[in-house]
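Bear in mind that the values in this text are calculations on the coordinates, not laboratory data. Just so we're clear, the structure is a prediction, and the values are computed from it rather than from any experiment. Don't worry about glycine lacking a Cβ; one is built from the backbone with ideal geometry, like all the others, and counts go over all protein chains shown.
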Amino acid sequence: MKLDSIGNWRRTHYSVDVRPELDGQEVTLFGWVQEVRALGGIQFVILQDREGTIQVTVSRKKVSSEVLSKSDLLQKRYSIGVRGAVKKTEMTPRGVEVIPKEIRILSKATLRLPIDITGKTPAHIDVRLDARALDLCQEENIAVFKIQHTTVDALRSYLFEKGFLEAHTPRIIASATEGGAALFPVEYFEKKAFLAQSPQLYKEELVMSLEKVFEVGPFFRAEESHTRRHLSEFVSIDIEQAFATAEDVMQLLEQLMRHICSVVNEKRHKELATLKHRVKVPEIPFKRLKYDDILQDLKREGIKIPWGEDIPTPAFRALGKVHPCFYFITDWPTHSKAFYIKPRDDNPGLCEGFDLMWSWIELASGGTRIASRELLIKRLKEKDLNPESFKHHLEVFDYGMPPHAGWAVGLERLTMMLTGKKNIREVTLYPRDKFRLTP
C-alpha cells in the first residue's frame, strides 16, 4: 500500500468541535481509526483524536470510488486524514457525522495489536505498560493526563498569584538530601554523585534571596517498596517560604487543594465523566489531628501502635474509613521526621512537621524548618548523618537564614485522588519502579 502525504492539509477542527450546527460545512480532521464497522452498503469509521471520537460514514452510493477504495483498506490505529462535509443526524450519540470527500492514509498499524484500544477488553496492568504508547491512546488514559495537565496549570497559576517564583534546582547532587540509603548513584566524570531525592536543601537556601519559591519536577528514590503508590521516579511539587511557620504553609496547602479540585471540576467535567469519577470540592480549614489523636482513633479501631512508631499502611487504610477526605496529621514525634524539621520549642520530643492525608494516602509532607545551624548539626547527628557531608548547606546558615517553612506534594498521588485510580502507575506516563526500566 502506498501511503499518502499530508501535503497542504491542515486540521480545521478536532472531533469535539464538529457539532450539528456545522451541518453542511467542510472540515479537515486528523486522527486514528478506532473502529471500522460495515453494515450493508455503509461503512462506519470511528476516528479518534486527542479530544474524542467522531463517526465518518462511508455510503457506497454517496462517495467517490477513490474514497471507497481507501475506506476498504482501513484498519485499527491507521493514522488518517479526512476531508468531508458535516451532516446532522439522529443516528449517532452526538447527533453528527462526517461524509468524506477524500481520505488520506498517512501510516499503517500492525494487524494484531497487543491490547484492545477501545478498552472493551481489559488487559493486565503489566501488559498495558509493556505497550504503554498504545495504552495511552485509550480515552480513559487521555482523560487522566488531561486532568493532570489541568492540575499543574491550576497550581502554577495559584502559586504565581500568591507571589511565589518558580525555581529549577539540580538533579545531580553530591550528597543525600533526606539522608538514608534510597539514592541512585551516577557516574559524574571522576566523582561520586547521586540523583536528587528532593529539592529540599536547595529550596531552603533559596528563601534567603527569593523568599517564596516553588518547583515542579522529577525526583528519584531507590525505594525497595513495590506498592500501588510508590515509584522510583516521581514528580514532586515543592514550595518553601521565608518568614513563615508550618501553620502558614498548611493554610496555603489546603487553599491550593480546594482551588485545584474546583478548577478540575470546572474544566474537566467531560474527562471526569469518562472516568466515572466525581471530585468533591472540600471545605476548609481541613481537620488538624495530632499524632496522639491518630493513635487513639486507631485504638478505637482495634489497632494499637506504640507511641513514637510510624503508622503502617494497614493502619492508614483503617484510618481512611474514619477520615475519608482531607486531613492533616500534626505534632509528630521529632525522631520520626527528617532532620530539617524543627522540634517544638515547648516540647522538643514533638516537631512542627505535618502530613496532608487524603483518606489513607499521604499526599504531602511539610513543616517548619530548622533555621539554626547548631540545632541542624545536632539533628543530623541524631539521625546518624555526618555533618561534614552537608558542610556547604550548613555554611548557608551563617548568612542570615530566616525562619521558613514548606511542603512537598506528590503529583502522581494527587492525580490518583483526582481521577479515582488505584494504582500510581496508571497516572504516570512511563512509570519507573524496582522492576520496570522500559519502555
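Tabulated results
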read-out	value
Student exercise, the chain dipole from Lys, Arg, Asp, Glu Cβ charges, in Debye to nearest 20	2020
Kyte-Doolittle at least -1.0, axis length at least 27 Å by Cα - qualifying DSSP helices, the chain	139-161, 246-267
Distance in nm between pseudo-label sites at Glu362 and Ser64 (7 Å out along the Cβ direction from Cα)	6.4
Debye equation applied to the C-alpha atoms of the chain, log10 I(q)/I(0) at 0.12, 0.14 Å⁻¹	-1.03, -1.26
Restraint check, Lys212/Lys421; Lys61/Lys88; Lys191/Lys391; Lys120/Lys270, Cα-Cα greater than 21 Å	Lys212/Lys421
Whole-Å distance, taken between Cα centres, linking region 90-117 and region 399-416	45
Region 387-395 - phi-based ³J(HN,Hα) in whole Hz, Karplus 6.51/-1.76/1.60, Gly and Pro as x	x, 4, 5, 10, 4, 5, 5, 5, 4
P(r), alpha carbons of region 3-137 - 5 Å bins starting at zero, rounded %	2, 10, 20, 23, 20, 13, 8, 4, 1, 0
Using θ = phi - 60° and Karplus 6.51 cos²θ - 1.76 cosθ + 1.60, couplings along region 344-349 (whole Hz; Gly, Pro as x)	5, 5, 7, 7, x, x
Table column - 3J(HN,Hα) (Hz), region 41-46, Karplus curve with 6.51, -1.76, 1.60, x for Gly and Pro	x, 10, 10, 10, 10, 8
For region 184-289: rounded, prolate or oblate by the Cα gyration tensor [a/c cutoff 1.5]	oblate
Amide hydrogen neighbours beyond the local backbone of His13, cut-off 5 Å, H modeled	Thr28
